[in-house]
Amino acid sequence: MNFGNLMLTPTWTVLAASALALIGLVLWWLLRKRQQRVWLPTVRILRLEAHLLPQLVLRPPPLLAFLCFVVCALALLGLTLRPRTQIYTPFEPNQTHLHLFCDLSPSVSAQLGLEEYAERIAVLYDTLQKQGRVSLSTSHSPEVVQPKSADEVRQLVLQRGFHRSGLNLGNAMKELLKETTDIDRLFIVSDRDQHSWTGFNWRYLLEEMDVQFYDLSKEGRSGRSNIFINDARYLSTAEAQTMEWDVEIGRGGSSDDTSGTIEAVYMGRSLGSFAWRLPEGKQRLNVHLSWPVQAVAGVSAQDAQGIPLILRLHPGSGDGVALDDEFRTPLKGLKQDVILIGESSGERLLEDPAEQLEVALEIQGFRIKRYDFISGVGPKTLEAPLIVLLGGGGAGVDRFCPRSLATMRLAHQGDGRSLAGERLPKIWLAPQGEAADYRELCRCYTRLLLTPDAAAPEPSYCDSIESRSQWVGLLPSLGAKQVGGSVGNAAHTLAFHQRDQRSGLEILAFTVPLAPTPGSGINHAQMPILVKELIAWQGLTHGQGTQGGQWPRTGDIVQALWNHLPPLDAEALAQLRVSNVPLGESLLGEVDLQSLPPRWAAELRSSSKQLPSKKDREDPLPWLRLAAYLCIGAGFLEGIVALSVRLRSVLKAGVGVVLMLTLLHGGKAEARIEFNVLGSGLVEGTNFSTLAREVGRRTSIELAAKPELFTKLSPEALAEPWLWTSGSGAVANQSGELKTEVATWLRRGGFLIIEAPWQPLQLNKLTRPLNGSWQPLPPDHEVMRSFYLLDALPSCNGEIWRGYSFDGRLAILAVPYGFLDALKDHGAVPACKDPPDQERGTRVFINLIMVALATDYKRDQIHLPEILKRLR
Amino acid sequence: MAEASPKDPATLAALHPARTREVQYRDYKNSLQLFGSQFMSLKRPTRLPEAGREYTPGDPVNLIDWKAYGRLGQLIVREVRDQSTSRVLIGVDVSATMQWPSSDVPQSVAATKAEVALRLALHLAHLHLRMGDLVEVWLLSDARAAYPEAVFKPRRGAEIIALYEHWVAQDCAVQAIRGEFQAAPWPQAKRDRVFWLGDALGGAKVADVLLMGKKSLFIHVLSSLELQIDWLQSSTSYFDQEAGRDLREYQGPVLKHPGNYLAQLTAWCDDWRLRLQRQGCDYVRLTETTQVASYLSSLEDFIQSSGAGPETGASRR
């Protein structure tokens, strides 16, 4: 019997039927044995028809159970089916998808040249074209192309060439297979480079496709020897007259004696060529390069941005990968310019207010362009990243405050850059001396930053700035932010910082002279450090110091470039394309052949392993799921039917309906702790969402954000396990003692928390009906350590937390301030001399919850032996 | 069987051997005999041989016929005609079917058929002993036996009471009183009065036993569960297997079907009644739920009807 391509297997059918029959027989026998038989002697006098076997009454089975049985029997029968004949899908080239993945990482370039690579790929393509539909992708990008001819393949490979970034084949395959899911045979064209193959579990792909490795590795040592530049470090200080670099040359593979030269090139200009020799057996060599600073004198740090220093290695021999012979690093040691405008009081250095500042700036590697005063609009302000204006000498604001800066600000109202794309300089405005004219400083400040247009008159408020304190008081009102000093005390402020949002111009207005004077509080030792800190804070450091090269060295092009989010801009892409070759690619480490996929042989023959096309294999999982759903549904229905048939009363039959409804519409069970506030302490609408979030985050307790408010004592309030109240009014009777119902509630386990205001005498009177005592909470109380370890509870105005112990537990807690008021959303700071912060309050609250839930469960220390055992 | 239900003192399940019906003045006034249950005529007593019997210890010495002793050398007691001792035979079937309801019966009853039969037998024995009759209680234990195999011959009512109390103390187990019964061959001599208590489901030859008596009564002891079958369940099958016969098993609904069990049981009981009536015997059907008063009435009817024997010509009261 055939069902399409499936046929009934007689053997399995018989076995299945026999199994069903046997199961039925066993069930019948079990039922038969279970059937009760009672001896009734008077049966012997009956003259009914006599049967040897007991007479069973045949009843029709329940319909649903019968249907379920039929379905199961059919399912069992269906499982006995097998394909009538094994039909192999006839070869249709368009159905078999072969994909070539070309590894163009630097290590492959050590094995063969680009032309040879392209040629071999083209030949491979030609061979595979006969076996199916061939697609191609390279390690440059995840794009998959469908070449029409071998020439197209050749051109594609030649056009793309080897990239300088490393490659991780695992990541590449993962990304590739995300987009292309119908690959039947995958050919990985690569070498045996360890850096590329590390972490690639190609065997996982075998379930879906056939994986072949087209090995490009050269046999023998010739393909495994490479010399490369690993690192370059700048050694000179900022004031040095030569640029000293330490270049590390590494070797992978062979260990023969090798020599060569290394050339430093910047902006197409050779800075020097230096010989090196790598002795036999040595794998690393540090080469010292040096050239005078004058060689790059005309280049400023701003100009040097994005232009790397290229170190080119010219080894004599034994170099496999040519790409890593070129190493890029940002050029360090270029000085930045600072324009300093400040008039000297005299010829001597001590009379120059900017002397120490100049020294400090030079130490930081800045070149100072000093102007004693300016005339006209002032210097070109975009030349330097920092402009220092020392004013207040009394000679007028125009003498030191360049209008060009104001003009520049007014002209370029955009994103903080000039029209040419350059950033606006930072401005330091400092008094010339302690007796500076702060009115001039004020006028310069407003001119540079606040005036709406060039023709606007100077503001009149600057006329009243006569002293430093007034200057310090004015600046915050103009929108400047305090730098230095202490919060709330602007007297000791060093400077004020303000940034014009539209132009991006920043001014740091100092309140003291930038010179070591008694009045400024800056001494000679502090001066350079202060300047360095300010420069670093304002982001003016640029490639200073003896740090290593920071040019990108991409280990995996897939992570850096493929599907990068957000998409890389042109500058970043350009940098990636000329990134340094990663160390892994240069070392030319090899992976054992055993751990690589089966190799595609050079001669044209079929691969050793061929899997049938994926389309021939059906996924049984949907069928199994269907069978499982049928069985579960049948079982569920059987239960419903049994419940409704056997249960007699309608009420009981409804249980089944209720069960079904709960299964379908049941919600997640949850348990929450609620605030229960008695009295008028909190107003309606108060929320504790912040506190609830913190409690939920730190513990496993879910706290309701909205408290339950009870305006007066009621049975509903006394049904709660804990109550918060402000003062004792709500729980005390007219005589000041606890109300009877509250006392009963406390005896039954209630926990009462009384917030301020209260008096100790009031508390004593309150608890007279109970048999306990008020005590301050000792440091070893469970409130101190039930969750967080607290050294003390926050007191308020000399009043401490008091606890009333009753029945061996903390029954009433008196809090000396408005605890809930402080913890609620937008809570008020308690009116205490030293109010506790939110964090402390939260911790105390969490401890309180733990005590409320579990009292002093930790006191039994039942876990202590286990802890001591672990400590030992 | 489910746990035994409490015994209603008004039913046979709690029948005490010394239980009598209420004595009415009329009965006492009109009673014609003070000793012995057999009514005799008021004629002058004769010395017919059938009026004499062997002397048994305890008989009044003045009734000994010394002349007969001189002739025969045997002590013979001459009975006063108006005081004649009946010879009463009480046969009790306590075979397997009488031990029903068994433990597998889900319904509970106050007493098994064997317990009811023994209670009735002891009551009858005590009654007749009080009346001065000679009583033999025969016990049939083997379902396949035709006649009882053991006998107990009490002399005084106190023996009955003692036996009864011992039996009740042992939870009315037949084995408790089995020791009082002596094995004996079944007698051939006729008796004045024969009672048979059983369910007629065993192999006992009930009709033959009853024919031994001048006046006989078959007390057909059945269980209330046999007469009222509402307790039968549809999921249970009810069976019986007689020795030598095939297993009979029927489902509850089959038995409950009209025309099946109840109809056939009724017909069977009626058949017994008719058959015995043709033989001149009486028939009464009792269960453990029969009221004692009803039983006593039936018994009185029987005793009174048996008082007008053909040889005595005694008139009925």
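Before moving on, here are some points about what is shown:
- Label-zone membership for the stretch A:232-269, site A:R312, 7 angstrom Cα→C-beta point, backbone N under 13 Å: A:261-269
- Label sites at A:R502 and A:A628, each approximated as a point 7 angstrom past Cα along Cα to Cβ, lie 6.6 nm apart.
- Here A:E737, A:E219 are placed in order of increasing Cβ neighbour count within 10 Å, fewest first, which gives A:E219, A:E737.
- Reducing the stretch A:427-445 and the stretch A:105-165 to their Cα centroids gives an inter-centroid distance of 68 Å.
- Of A:H195, A:H97, the sequence from fewest to most neighbouring Cβ atoms within 10 angstrom is A:H97, A:H195.
- The relative contact order of the stretch B:84-185, computed from alpha carbon pairs under 8 Å that lie at least 6 residues apart in sequence, is 30 percent.
- Here B:K205 and B:K256 are evaluated by their C-beta separation; at R0 = 22 Å the FRET efficiency comes out at 0.10.
- Overall form of the stretch A:423-521 per C-alpha gyration tensor (a/c, 1.5; a/b vs b/c): prolate
- The alpha carbon centroids of the stretch A:794-869 and the stretch A:344-403 are separated by 61 Å.
- As a proxy for reagent exposure, A:E116, B:E226 were ordered by neighbouring Cβ count within 10 angstrom, fewest first; the result is A:E116, B:E226.
- Difference of contour (0.36 nm per residue) and Cα-Cα distance, A:R367 to A:H863: 171.7 nm
- Distance violations [Cα-Cα > 28 Å] among A:K218/A:K282; A:K178/A:K218; A:K148/A:K174; A:K335/A:K481: A:K178/A:K218; A:K335/A:K481
- Ranked by how many other beta carbons lie within 10 Å on average, peptides B:261-270, B:181-190, A:844-853 from highest: A:844-853, B:261-270, B:181-190
- Sorted largest first, the spans of the alpha carbon positions of the stretch A:223-334 along the three principal axes are 43, 23, 17 Å.
- Evaluating 6.51 cos²θ - 1.76 cosθ + 1.60 at θ = phi - 60° for every residue in the stretch B:276-288, the Karplus couplings come out as 6, 4, 4, 7, x, 9, 9, 9, 9, 10, 10, 10, 6 Hz, glycine and proline recorded as x.
- Estimated vicinal HN-Hα couplings, Hz - the stretch A:289-297 in sequence order (Karplus 6.51, -1.76, 1.60; Gly, Pro = x): 10, 8, 8, x, 5, 4, 4, 10, 5
- Our coupling estimate for the stretch B:212-222, obtained by passing each phi through the Karplus curve with A = 6.51, B = -1.76, C = 1.60 and θ = phi - 60°, is 5, x, 5, 9, 10, 9, 9, 8, 7, 8, 10 Hz, Gly and Pro reported as x.
- For the stretch A:344-537, a/c is less than 1.5, where a ≥ b ≥ c are the root eigenvalues of the C-alpha gyration tensor. That puts it in the rounded class.
- If both residues of a DSSP beta bridge must be in the stretch A:344-537, then about 50% of such bridges are antiparallel.
- Spacing of the two label points (7 Å from each Cα toward its C-beta) at A:M660 and A:T407, in nm: 8.8
- Estimated FRET transfer efficiency (B:Q277, B:W66; beta-carbon r; R0 51 Å; 0.05): 0.65
- Modelled FRET efficiency - R0 25 Å, A:T11 with A:E207, Cβ distances, 0.05 increments: 0.20
- Anisotropy class of the stretch A:676-860 from Cα gyration tensor, a/c 1.5 cut: rounded
- Entries of A:K332/A:K369; A:K765/A:K824; B:K153/B:K214; B:K113/B:K215 with Cα pairs more than 28 Å apart: A:K765/A:K824
- With Cα atoms defining each centre, the stretch A:765-792 and the stretch B:198-276 are spaced 85 Å apart in the structure.
- In this rough spin-label picture, where each label sits 7 Å from Cα along the Cβ direction, the A:L30-A:S270 distance is 9.5 nm.
- Under-5 Å amide H pairs with A:I229, H placed in peptide plane, nonlocal only: A:G250
Bear in mind that the values in this text are calculations on the coordinates, not laboratory data. Source: prediction; values computed, not measured. Cβ coordinates were reconstructed from backbone atoms using ideal geometry, including for glycine residues, and neighbour counts include every protein chain displayed.
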